[in-house]
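Colleague: Let me begin by handing over the structure; questions about it come next.
The values are calculated or read from the model by the stated rules, or taken from the named source; none is laboratory data. Quick caveat, the model's predicted, so the values are computed rather than measured. All Cβ positions, glycine included, derive from the backbone under ideal geometry; neighbour counts span all protein chains shown. The accessibility values were calculated without ligands, DNA or RNA, using every heavy atom of the protein model including side chains. Shrake-Rupley method; radii C 1.70, N 1.55, O 1.52, S 1.80 Å.
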Amino acid sequence: MEKDAGYGQFCPVAMAAELVCTRWTPLVLCELMAGSTRFNDLRKGVPRMSPALLSKRLKELEQAGIVERRRDPVSGSHDYHLTQAGRDLRPVIETLGVWGQRWLETRVSLRNLDPSLLMWDMRRNLDPKPMPARRSTIQFLYPELPQSRRSWWLVVEPGAGTDLCRTDPGFEVDLYVETDLRTMTAIWMGLATVEQEVRADRMRLTGDRGLRHAMQRWLGLSVFARERKLAA
């Protein structure tokens, strides 16, 4: 840990904060708790964090006994896993997220938009049960973004999980979702619904009728989306 960042106090709160409250560390822990173990997957969960800093934070967490690094015998690469000490931090991270969802007002919540982070979380939390028992390809279009970040594809294969693609995967698209990034983020955060945004003409759905009607149910929302906003 950075020596100049310490509080110099014996208080357990101060000592714990020195370990888990350094810049980016709570987000790295959140991503580990969400199930990411590979370095590249962790990077997708914290896309604005440099690889060098992510590597540094992981080493610090490993030294503190919060994370352990395991070698994959098949690939030879190393994965990162929470230890018991790391798993015991789950209520702390979850409570921080609940507080932010409840008490940060909407304009603040929607100030920092990031399509890669949004789509990564949507992929992870997508529920395939309301979807057809076949491969489904959904293309998301954000017209206001630069060409390189405008189109994203979710490919859902029954029994095989969900893939997120930055380039056309080559499958026939079953559902086109056209909206702006702020609207999609508001839905993901539970601040709006698909139906509301379609009615307001801020979202356009084209394609498979069943996928359109069930979108609110299969869409991967934030784990904090059910928390009601209490901020003015």
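Colleague: To the nearest 20 debye, what charge dipole does the chain have about its Cα centre, counting +1 at the Cβ of each Lys and Arg and -1 at the Cβ of each Asp and Glu?
Modeller: Dipole about the Cα centre, nearest 20: 140 debye.
Colleague: All other residues with a Cβ under 9 Å from the Cβ of R102 taken together, and with Lys, Arg as +1 and Asp, Glu as -1, what is their net charge?
Modeller: Net of charged neighbours comes to +1.
Colleague: Using a 1.4 Å probe over the heavy atoms of the protein chains, calculate the carbon and sulfur portion of the accessible area of the range 32-191 as a whole percent.
Modeller: Whole-percent figure for carbon plus sulfur exposure: 50.
Colleague: At 7 Å along Cα-to-Cβ for each site, give me the label-to-label distance between R135 and E62 in nm.
Modeller: It is 3.7 nm.
Colleague: Using C-alpha positions alone, give me the convex hull volume of the range 9-121 per residue in cubic angstrom.
Modeller: 124
Colleague: Take the alpha carbon atoms of the range 22-100, find their center, do the same for the range 121-172, and report the distance between the two centers in whole angstrom.
Modeller: Using only Cα atoms, the two centres lie 25 Å from each other.
Colleague: Then there's this: Under the 0.36 nm per residue contour assumption, what length would be gained going from the current alpha-carbon distance of S148 and M33 to full extension?
Modeller: On the way: separation 115, 0.36 × 115 = 41.40 nm, distance 3.00 nm.
Contour length minus Cα-Cα distance gives 38.4 nm.
Colleague: Enumerate the whole-percent occupancy of each 10 Å bin, from 0 to the last occupied one, for all C-alpha pair distances of the chain.
Modeller: In order of increasing distance, the bins hold 7, 28, 32, 23, 9, 2, 0 percent.
Colleague: Something else now. Between Q196 and D79, 0.36 nm times their residue separation minus their Cα-Cα distance comes to what?
Modeller: This chain segment gains 38.0 nm when fully extended.
Colleague: What does the charge count near Y142 come to, summing +1 for each Lys or Arg and -1 for each Asp or Glu among other residues with Cβ under 13 Å from its Cβ?
Modeller: +2
Colleague: Per residue, what accessible area does the range 29-118 have, given a 1.4 Å probe and all protein chains present, in Å²?
Modeller: Here the residues of the range 29-118 average 58 Å² of exposed surface.
Colleague: Return the calculated 222 nm mean residue ellipticity for the chain, to the nearest 500 deg cm²/dmol, obtained by summing -39500 (n - 2.57) across DSSP H runs with n ≥ 4 and dividing by the residue count.
Modeller: -11000 deg cm²/dmol
Colleague: Something else now. Which distance in nm do the two modelled labels at C11 and R69 give, with both placed 7 Å along the Cα-to-Cβ direction?
Modeller: Output for this residue pair reads 3.4 nm.
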